[in-house]
Amino acid sequence: LMCLTSDVDINVLAQCFQLDPFDNLLKPHYMQRVREHAAAVLESTDHQSLCAMGDYMQVALGSIDIDGLLEAIQRHEDGNISAVQLHQALQLQEFTDEIGVSIQSFEKNVMILIWQANFLEPYLEGGSMIEPRRVSDCIQTFMSLDVVARREIAQKVLEKWEVVSEIFSLAQEAIGSSEEIADEEAAAVSADELGGEDLSEALVPEANLVEMVMFLKALSTEEDGPFSQEFLARLVMALHWWTDTDIASPLAVVPPGPGFKDALERMANSEEGLFVGHPNSPAWLAHMPEHAKDVFCVNMCCLDQAFQAQALDFLLPAFSLYPSKDYCIVTQPHTAPNTPLLNAFTIVSPQPQNTFSHVLYLIHRASLLGSPKVRYMLEADADSIPALIENFDQVTQVDIGMRCKSFLTQEAESPVPEHVFVAEFDDQVVGLVVMEMPAPDVVDTLRCCYHLDDYLLVEHHDAQQNQGQGRLLHWVLNPLFAKYTRRLHQS
C-alpha cells in the first residue's frame, strides 16, 4: 500500500532543508523568475513584485463571499441595491497586510470593475441603483481572467489588428473633422472680437485623442465591429488591471501612438503573477500556486517483509500518476530504520537553523532510468561545464576551467599528468571528475605513511609510473544523481 499526495508545503521544507540545488521543488521556469525577483529585491530598496494589480484584486475578491455580502445588503422594493450601500459594505472588508497595502482603495476598484463590465453605461454614483446579479456576474467575469484567458484576448485582438487600426483611424478622422469646424468657428469669433485679425496660425491643433468608450463602441458587433460587447468588457478589464493602460472611467482615452498595440503585445506575452515574499522572510514561498510545484510526497508505504526488495517497483507507477511532477519526497524521523525504498533516494542536507525532527529524502524522475555513464571529456562538452560549476567560488571555477582546457589541448602521445572525465545522462553532462597522476616519490611517501597496499594489488601496476594511484582534484555531480556517487567512482 502506498499513499501519495501533491499537497506539499514547499515553504516549510525550504526553511528547513537546503533545497536550492533542487530549485526549491518548483518547476524550473517558475524558480528562474523567483531567483530573478530575489536578486532584484536584494540589490534595490524599491518595491519589487511579480504581480500586477489585477492579481491582487483577484486574491482579494477570492477571499470574500460575494453572494453572502450581497445578501447582507438591504434591498429596495425592486430587489436592487444602491451604490452607496455596496460601497459601504466593501469598505468593511479586511485583507492581509500584503494585499491591503497593494490594492489601497478596494471599494473604489470594485466600482471601476462594475463599470468596466458595462462600459457603455454611466459610471455608478451615490444614488445609482444596481442589480446584485450584475455585481456577481462582473466579479465572476473578472475572476475568469487567468493568464491563459488574457493571452487569448490579446492574441485575438492582434490577429484582427488591421481592422482595429482602420476603425481607430476613422474615429480619429471623425473627431478631427468636428474639432476643425469648432476651431474655425472659435477663430472667427476671436477675429471679430479683435478687429478682424487672422488667428489661424496661432491655433495649433492637438493630436486627435479618441475616447476609449467611443472606440470600444465602434469595435462592437452592434456597430459592425469585429468583437462582441462581452469580449470587449473582458478586454477592458485585462488591459486596465494587467497593463499600464488606464481605463478607469468613461473619460479615459485610447493611448496615443503605438501604446495600445504595445499593451496588447505585452499582455499576449505576459507571465503568471507570483506572490513571492522577501527572500529573507519565513513566508518567502508560502503563496506559490499548486501547478508551480514540481513535487509529490509519499505519505505512507506499507509492504510485506517478504517483498521489501521490490519497493522500488512502486516508484515508476507513482511518477506516472503525476506526469507534470519531477520530484518525489519522503520524510521520516531520524530514529526510524532505513528501508529498501529509501535506498533509491538522496538525503537532503538540513539548514543550519533547522528544527524539523525528520529527515528529507528526495528522488528525481530521471534517476530511476539508470545511472550516468562516465567517459573522457570531449571538446563538445566544454560549453556544459560552466553551468555545473557556477555555484563555486571564482578561484575554483578558474582552476577547473584551466585544467579542462589543458586536458583538451594536450597532445595524444605525450604523458598525461591529469585526466578529466564527465558523467553523461540522456546526452547531458551531469558530472565532472578531474584526477591527477601523482609522481612516484609522492606515491612512495603515501605508501609508507598509510596502508595503501591493503587496498591495491601493487604487482599489477608496477609498469605504471603512478603505481595505480590517483589523486582526486575536483568532483562535481548534479545532486539528482548523488546516490550514484560510489558507482561513478568505480567507473
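None of the figures in this text is laboratory data; all of them are computed from the coordinates on show. None of these values were measured; they are calculated from a predicted model. Ideal geometry is used to build each Cβ from the backbone, glycine not excepted, and the neighbour counts take in all protein chains shown.
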query: Can you list the residues of the stretch 1-44 with backbone N under 14 Å from a point 7 Å past the Cα of residue 353, pointing along Cα to Cβ?
result: 12-18
message: Given points 7 Å out from each Cα along the Cα-Cβ axis, report the residue 310 to residue 486 separation in nanometres with one decimal.
response: 2.5 nm
field: Chain lengthening between residue 105 and residue 3 when straightened (0.36 nm per residue, less Cα-Cα)
entry: 32.1 nm
- prompt: Translational D (Stokes-Einstein, µm²/s) of the stretch 292-341 at 20 °C and 1.002 mPa s when Rh comes from the Kirkwood sum over C-alpha pairs?
  reply: 175 µm²/s
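Based on the Cα atoms of the chain, what semi-axes does the equivalent ellipsoid have, where each is the square root of 5 times one gyration tensor eigenvalue, given in whole Å with the largest first?
So the equivalent ellipsoid measures 65, 32, 19 Å along its semi-axes.
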message: If you average the alpha carbon positions of the stretch 99-156 and of the stretch 281-325, how far apart do those two centres end up, in angstrom?
response: 40 Å
- line: In this structure, the FRET efficiency calculated for residue 378 and residue 18 from their beta-carbon separation, with R0 = 51 Å, to the nearest 0.05, is 0.95
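May I ask you to order 362-368, 122-128, 249-255 by the average number of other C-beta atoms within 10 Å around their residues, highest value first?
362-368, 249-255, 122-128
Let's test the formula: R0 of 45 Å, r as the Cβ-Cβ distance of residue 395 and residue 447. What FRET efficiency results, to the nearest 0.05?
Working: r = 31 Å, r/R0 = 0.69.
So, using R0 = 45 Å, E works out to roughly 0.90.
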- prompt: If amide H atoms are built 1.01 Å from N in the plane of the peptide, which residues on other chains or at least 5 residues away come under 5 Å of the amide H of residue 360?
  reply: 348
message: How charged is the neighbourhood of residue 471? Take every other residue with its Cβ under 12 Å from the Cβ of residue 471, and add Lys/Arg as +1 and Asp/Glu as -1.
response: -2
query: If packing is taken as the mean number of other Cβ atoms within 10 Å per residue, what is the order of 236-248, 314-326, highest first?
result: 236-248, 314-326
